[in-house]
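Have a look at the structure below, then the notes.
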Amino acid sequence: MTSKVEKSIEVEAPLQSVYNQWTQFEQFPQFMGGVEEVKQLSDTTLHWIAKIAGVKREWDAAILEQVPDRKVAWAATTGTTNAGSVYFESLGTNRTAVRLVLEYDPEGFVEKVGDRLNIVSRQAQNDLEKFKEFIESSESETGAWRGTVNRDDAEDGSGSGEGETAEADVDASGSTGATGAGTPTAMADSPGVPGGGAGMPASDPAHDPDGRE
């Protein structure tokens, strides 16, 4: 049976900066728990490695829709069943609403128990709060991809490069912020789950197949 989680938060930062930061997968471990690594295989294909209720899972996900400053939607195409979307809305010059909607299918006894205890829901809210802290404490977003993706793009693995592409900064560890969008937060592990791990979405590719930075 599919479960659904919907969470939202208001961030003290401009709409464009908030959206841009969400497209930077390599920064995700700094504010989300459970995901160990994300690799961007193309404009619209991601490979995820995460711990879910203490169990390591891997899956591919397709970005189904990406509209700059408005929306990102994705769905798993292999492995763990999950899908979701994140919406962005300007509330003023320096304030943005972020709404996360997730649908997933708990697998196995431990995951189903965690689902009944609303651990996934609490983790999703916690991750949004950490994202808020991360972007508000940063001088600016670490990078951006301003292209668009529609469902036709998702089917052929391409995305439109139209729009502004910002160069990513290099962080203290020497990694480069990469491009992409969306994150299955609900699939992340939680400290409250037996055998759980920590740390969430991970990284963008060091080299983007379409030359995005």
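Does region 84-102 contain any residue that is hydroxyl-bearing (Ser, Thr, Tyr) and crowded, with 21+ Cβ neighbours inside 10 Å? Walk me through it before giving the result.
First, pick out the residues of region 84-102 that are hydroxyl-bearing (Ser, Thr, Tyr): 85, 87, 90, 93, 96.
Okay, now just the ones that are also crowded, with 21+ Cβ neighbours inside 10 Å, so 96.
Looking through region 84-102, at least one residue is hydroxyl-bearing (Ser, Thr, Tyr) and crowded, with 21+ Cβ neighbours inside 10 Å.
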Pair list, Cβ under 9 Å, 6 or more apart: region 117-130 residue in a loop (DSSP other than H, G, I, E, B), other residue surrounded by 18 or more Cβ atoms within 10 Å (Cβ to Cβ) and of a type in the set (Val, Ile, Thr): Leu117/Val193; Asn118/Val5
Conditions: (1) in contact with a helix residue (DSSP H, G or I) (Cβ under 6 Å, 6 or more places away or on another chain); (2) at pLDDT below 90; (3) not in a helix (DSSP H, G or I). Thr96 meets all but one. Number of the miss? (2)
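Residue by residue, here is whether (1) modelled with pLDDT of 80 or more; (2) under 18 Å from Gln125 (Cβ atoms); (3) under 10 Å from the mean Cα position of the chain (by Cα) holds:
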position	(1), (2), (3)
Glu10	yes, yes, no
Gln16	yes, no, no
Asn20	yes, no, no
Phe28	no, yes, yes
Ser42	yes, no, no
Ala53	no, yes, no
Give region 29-40 a look and list any residue that's touching a helix residue (DSSP H, G or I) at 6+ places or on another chain (Cβ under 9 Å) and either crowded, with 22+ Cβ neighbours inside 10 Å or not in a strand (DSSP E or B) (or both), or say none. Gln30, Phe31, Met32, Gly33, Gly34, Val35, Val38, Gln40
So which residues in region 57-77 are surrounded by fewer than 21 Cβ atoms within 10 Å (Cβ to Cβ) and either out of contact with any strand residue (DSSP E or B) (no Cβ under 7 Å at 6 or more places or on another chain) or not in a strand (DSSP E or B) (or both), if there are any at all? Asp69, Arg70, Thr77
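Just to check your reading of the model, which residue among Thr23, Thr2, Thr80 is surrounded by fewer than 19 Cβ atoms within 10 Å (Cβ to Cβ) and among the hydroxyl-bearing types (Ser, Thr, Tyr)?
Result of the check over Thr23, Thr2, Thr80: Thr2.
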Find the residue count for region 11-20, including only residues that are closer than 12 Å to Thr142 by Cβ and either touching a Lys or Arg at 6+ places or on another chain (Cβ under 9 Å) or surrounded by 24 or more Cβ atoms within 10 Å (Cβ to Cβ) (or both). 1
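The values are calculated or read from the model by the stated rules, or taken from the named source; none is laboratory data. The shown structure was predicted, so the numbers you read here are calculated from the model rather than taken from an experiment. Neighbour counts are summed over all protein chains in view; Cβ atoms, including those assigned to glycine, are modelled from backbone coordinates with ideal geometry.
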